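First comes the structure, then the notes that go with it.
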Amino acid sequence: MFRSSSYHTIDTKGRVIIPARFRNILKTDAVYGVVVSNMDDCLYAYTFTEWEKLEKRILAAKSGAMSNLRRFFLGNSCECYCDKQDRILIPKNLREYAQLEKDIVLVGNLDRIEIWSRTKWEDVNKQMELELKKEEVKEERAFLGL
């Protein structure tokens, strides 16, 4: 499971170093790398095993609204293998979507890694903090024991 976040830079070629705590998880998978796609103004990166599970859930969904999600999410996905320096190369179209230019944040979100531009992440993080103070969210947090 992916947890925590870390600040990094993306080089001019689009390469990102995977932090050791995430590398350890990736190395236990059959393939050393991730499948990356765009969603929510950032990139989602899944192990190959998690990606296969996700594809099965998407295929099982019969809703008509799913066709656009499938087209957007699957159509923009890319296999990114780790190189000898434990980096992945993010394609230009995905970097442009998430506005990844130099300073980025890798955020562990249990079954995936989210890759954010640092500026966007800081804005989203502040917004989430405000949302967590709302009464209905406090009730859900209390239910979880948080």
Charge tally in the Cβ shell below 14 Å around Ser4, where Lys, Arg are +1 and Asp, Glu are -1, Ser4 excluded: +3
If you add up the charges near Lys56, with Lys and Arg at +1 and Asp and Glu at -1, over every other residue whose beta carbon is less than 14 angstrom from its beta carbon, what do you get? 0
In nm, what is the difference between 0.36 nm times the number of residues separating Ala61 and Glu131 and their Cα-Cα distance? 22.3 nm
Could you tell me the relative contact order of region 1-124? Use alpha-carbon pairs under 8 Å, at least six residues apart, and round to a whole percent. 41 percent
Which pairs in the list Lys53/Lys84; Lys102/Lys134; Lys13/Lys120; Lys27/Lys102 are over 23 Å apart, alpha-carbon to alpha-carbon? Lys53/Lys84; Lys102/Lys134; Lys27/Lys102
Selected from Asp123, Asp103, Asp86 as most flexible by GNM, with the chain as the system and alpha-carbon contacts under 10 Å: Asp123
Contour minus Cα-Cα span, Ser4 to Asp29, at 0.36 nm per residue, comes to 7.0 nm
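The numbers here are math on the coordinates, done by the rules we state, and not lab data. No experiment lies behind these values; they were computed from the predicted model shown. Glycine also receives a Cβ, built like all others from the backbone with ideal geometry; neighbour counts cover every protein chain displayed.
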